[in-house]
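Have a look at the structure below, then the notes.
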Amino acid sequence: LIGDMLRQEGFDLVLLQEVWSERDYSDLKAKLGGCYPFSHYFRSGVIGSGLCVFSRFPILDTLLYQYSLNGYPYMLQHGDWFCGKSVGLVVLAWGSRPLCPCSCQLHAEYCREKDAYLPHRLVQAWELAQFIRHTSKAADVVLLGGDLNMHPEDVGIRLLRGWTGLRDAFAEATRFEGCEDGCTLIPNNCFTVKTELLPFPLGIRIDYILYKAVSSFTVKCEELKTTTGTAPGMDIPFSDHEAVMATLHIRRQGQAADGNLGTAEPTLVDVVTEARTEVGVGLRAAQRQRYSTGRMAVLALLLLLLQATLGTLAGLAAGQPFPKLSFSLLAFFAIGILLLATGLHLFHTIEVKMLQGTEEQLRMALRTLQEHP
């Protein structure tokens, strides 16, 4: 379905997410080779990033950045950690100048009321903003598309847009056609979980196309469209998310545009402050988890030492019965707990350091905004 639609529409550039199977990518590549002769699949994590790009223009170079925090490995039912959520950048030979679009996906939001992954998603949003800011200094046009897993009013998307100066194609489009309010996760889609969308009867908008002209170019979104449920002539949709399609008019202007990606508006100070507060909450939670797992590892080690001591004493007492099976089972149990707790302690130590680093970067960004308004 997706391959047929892409071949029929004939876009210049296609950014796909959640293509977990490399075989699916290979099938799409074979099917779309005639209209999209250039493509790339970004590999990361255990399962894969799921990011791939199809283009009419030659791909000159690629870059993949995997976020430092990607959820928890023991949350098997979610699986974000195994995917290795990332942002992928491609350099396209677009006319006489290169074009550098990015495809990305952030950690999913599984419970809005008690969002345990909010600090991780904020770290990802900040790293994505920094990635765009530093890789786009020599670019003429910044283009980002993907599943950001954030509502338009969420602090993460406000931080990303405020720090990079990216424009939202939905808000800037001259014409719009598609789901109401541009929603990309709608209750009418048979692949969505209806109970998760009960607070949002129209659906939610979590897939974006963001852009900005950096040098002597202007970018205007002439039209934005989304798919609306089932595919034409079928009783199933293309995906659990509605596709977002934008027509961008890029042209050179006489005077160079402002190359500064960021903005020092007072509202950005509030956004950075809010993001830093949420990251701080996540940092304290990670520190508690690190302490708990460290204590568990110490207790398991003490249990092993106690067993060794009792075993030695029992061996010295000749003629006394010794429950070898019970001791062996208890020893294996203690070793298992020790290994698990040690692994989790190391993981949460890394988490603490990443959250501390992001909080420090946000603190410096806040100081810069306040000192140089």
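A compact table of results
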{"read-out": "Shape of the range 2-252, Cα gyration tensor, a/c cut at 1.5", "value": "rounded"}
{"read-out": "Sequence ranges 99-109, 47-57, ranked by mean other-Cβ count within 10 angstrom, highest first", "value": "99-109, 47-57"}
{"read-out": "Residue (of PRO119, CYS83, TYR41) at the positive-pole extreme of the range 1-145, dipole from beta-carbon charges", "value": "TYR41"}
{"read-out": "Cβ-based charge dipole, the chain, positive-most Cα from THR227, SER215, LEU310", "value": "LEU310"}
{"read-out": "Simple Cβ-charge dipole of the range 130-211, Lys/Arg +1 and Asp/Glu -1, about Cα centre, in debye nearest 20", "value": "280 debye"}
{"read-out": "Long-range HN-HN contacts of THR184 with modeled amide H, under 5 Å", "value": "ILE204, ARG205, ILE206, ASP207"}
{"read-out": "Straight-distance crosslink candidates among lysines, where the alpha carbon sits under 25 Å from LYS212 and sequence neighbours closer than 8 are dropped", "value": "LYS85, LYS137, LYS220, LYS225"}
{"read-out": "Global geometry of the range 140-189, whether rounded, prolate or oblate, following the gyration tensor of its Cα atoms and the 1.5 cut on a/c", "value": "oblate"}
{"read-out": "Selection from THR293, LEU63, GLN17 lying farthest towards where the dipole of the chain points positive, charges on Cβ", "value": "THR293"}
{"read-out": "The range 106-242, dipole about Cα centre (Lys/Arg Cβ +1, Asp/Glu Cβ -1), debye to the nearest 20", "value": "520 debye"}
{"read-out": "Total charge dipole magnitude, the range 2-252, about the Cα centre, Cβ charges on Lys, Arg, Asp, Glu only, Debye to nearest 20", "value": "900 debye"}
{"read-out": "3J(HN,Hα) from dihedral phi, the range 108-115, Karplus parametrisation 6.51/-1.76/1.60, rounded to Hz, x for glycine, proline", "value": "5, 9, 9, 8, 6, 5, 10, 8"}
{"read-out": "Calculated on alpha-carbon atoms, Rg and Dmax of the range 56-127 in Å", "value": "15.6, 49"}
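Values quoted throughout were computed directly from the atomic coordinates according to the rules given, and no laboratory measurement underlies them. The structure displayed is predicted, hence computed values, not measured ones. When we count neighbours, we look across all protein chains shown, and the Cβ atoms used for this are built from the backbone with ideal geometry, even at glycine.
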